[in-house]
């Protein structure tokens with residue numbers, strides 16, 4: 001993850017959109033649906049019109065999806081994290 005050292009990722013870095021491919025193969029609407037369902041990490045508000053996600057949360061989510069072949073049943077991840 002390119003901005004992992006900074007600690008935060010913007011939506012355009014996470015999902016596929018008009019700016020190019022993201023880390024997770026999902027549309028914006030699918031991503032927000034997973035957040036509403038409680039299956040993806042919610043954003044952190046940086047200001048009135050800016051949100052970001054913790055890099056470690058996105059990394060854990062990607063590891064979960066890679067190892068389980070599906071989205072987690074809830075967020076935060078079940079006991080055991082990304083194992």
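The values are calculated or read from the model by the stated rules, or taken from the named source; none is laboratory data. Because the structure is predicted, anything quoted here is derived from the model rather than measured. In this analysis, Cβ positions are derived from the backbone assuming ideal geometry, glycine residues included, and neighbour counts consider all displayed protein chains.
For residue 67, the criteria (1) part of a helix (DSSP H, G or I); (2) touching a helix residue (DSSP H, G or I) at 6+ places or on another chain (Cβ under 6 Å) hold in every case but one, which is (2).
Is it the case, given these coordinates, that residue 61 is surrounded by 15 or more Cβ atoms within 10 Å (Cβ to Cβ), under 18 Å from residue 7 (Cβ atoms), touching a residue at least 24 places away in the same chain (Cβ under 8 Å) and touching a helix residue (DSSP H, G or I) at 6+ places or on another chain (Cβ under 6 Å)? Please lay out each step first, then the result.
Numbers: surrounded by 15 or more Cβ atoms within 10 Å (Cβ to Cβ): yes; under 18 Å from residue 7 (Cβ atoms): yes; touching a residue at least 24 places away in the same chain (Cβ under 8 Å): yes; touching a helix residue (DSSP H, G or I) at 6+ places or on another chain (Cβ under 6 Å): no.
When the stated conditions are applied, residue 61 does not pass them.
Among the residues of region 11-47, those that are modelled with pLDDT of 95 or more and in a loop (DSSP other than H, G, I, E, B) comprise 37, 38, 39, 40, 41, 42, 43. Just one of the listed residues (48, 72, 21) is over 11 Å from the mean Cα position of the chain (by Cα), more than 14 Å from residue 8 (Cα to Cα) and surrounded by 15 or more Cβ atoms within 10 Å (Cβ to Cβ), namely 72.
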